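*Asks:* Before we start, here is the structure in question, set down as structure tokens.
The values are calculated or read from the model by the stated rules, or taken from the named source; none is laboratory data. Quick caveat, the model's predicted, so the values are computed rather than measured. In this analysis, Cβ positions are derived from the backbone assuming ideal geometry, glycine residues included, and neighbour counts consider all displayed protein chains. Surface accessibility is based on the protein's heavy atoms, side chains included, excluding ligands, DNA and RNA. Shrake-Rupley method; radii C 1.70, N 1.55, O 1.52, S 1.80 Å.
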Amino acid sequence: MEYGTRLREIRKAKGFSMYKLHKESGLSQGHISDLEKCINQPTIETLQKLLTPMGVTLAEFFNEDGEVSILTDTEKELVAGFRTLPEDKADLALQMIKALNG
């Protein structure tokens, strides 16, 4: 998939108008439009400015299979907390989650 098509699909899936993305990213609507039409190629910095407000990482954007898994704020908090746990507590947390899921 072309980067412009991917960017447009993500923008629409996340409920962002071009205007909203312009306001949140600081990039002009014309530039965003040109990127979506593949008229211009984005730099990594530009992509980061566009993706961050939509909660999408560069890794998710470039994911070959086209599936984007967007974490909610709660999921992000859980992952961040889990990563700071010592191994024995992480194992216990995982067992608890499995038990809750029945």
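*Asks:* How about region 1-23: which of its residues are under 17 Å from residue 60 (Cβ atoms), part of a helix (DSSP H, G or I) and open to solvent by less than 70 Å² (accessible area, probe 1.4 Å)? Spell out the reasoning first.
*Replies:* Filtering region 1-23 for residues under 17 Å from residue 60 (Cβ atoms) gives 1-16, 21.
Subset that is part of a helix (DSSP H, G or I): 3-13, 21.
Correct list: 3, 4, 5, 6, 7, 10, 11, 21.
*Asks:* Follow-up. Would you mind finding the one in 100, 78, 71 that is farther than 17 Å from residue 4 by Cα and more than 20 Å from the chain's Cα centre (by Cα)?
*Replies:* Values: 78 fails: more than 20 Å from the chain's Cα centre (by Cα); 71 fails: more than 20 Å from the chain's Cα centre (by Cα).
The conditions single out 100.
*Asks:* Looking at region 87-99, can you tell me whether even one residue there is within 17 Å of residue 11 (Cβ to Cβ) and in contact with a Lys or Arg (Cβ under 9 Å, 6 or more places away or on another chain)?
*Replies:* No, the conditions are met nowhere in region 87-99.
*Asks:* Could you identify the single residue in 35, 58 that is touching a residue at least 12 places away in the same chain (Cβ under 8 Å) and under 11 Å from the mean Cα position of the chain (by Cα)?
*Replies:* 58
*Asks:* Tell me which residues, restricted to region 63-99, are in a loop (DSSP other than H, G, I, E, B) and at pLDDT below 85.
*Replies:* 63, 64, 65, 66, 67, 68, 69, 70, 71, 72
*Asks:* Going through 26, 55 one at a time, which residue ends up being open to solvent by 60 Å² or more (accessible area, probe 1.4 Å), within 24 Å of residue 73 (Cα to Cα) and among the small types (Gly, Ala, Ser)?
*Replies:* Answer to the check: 26.
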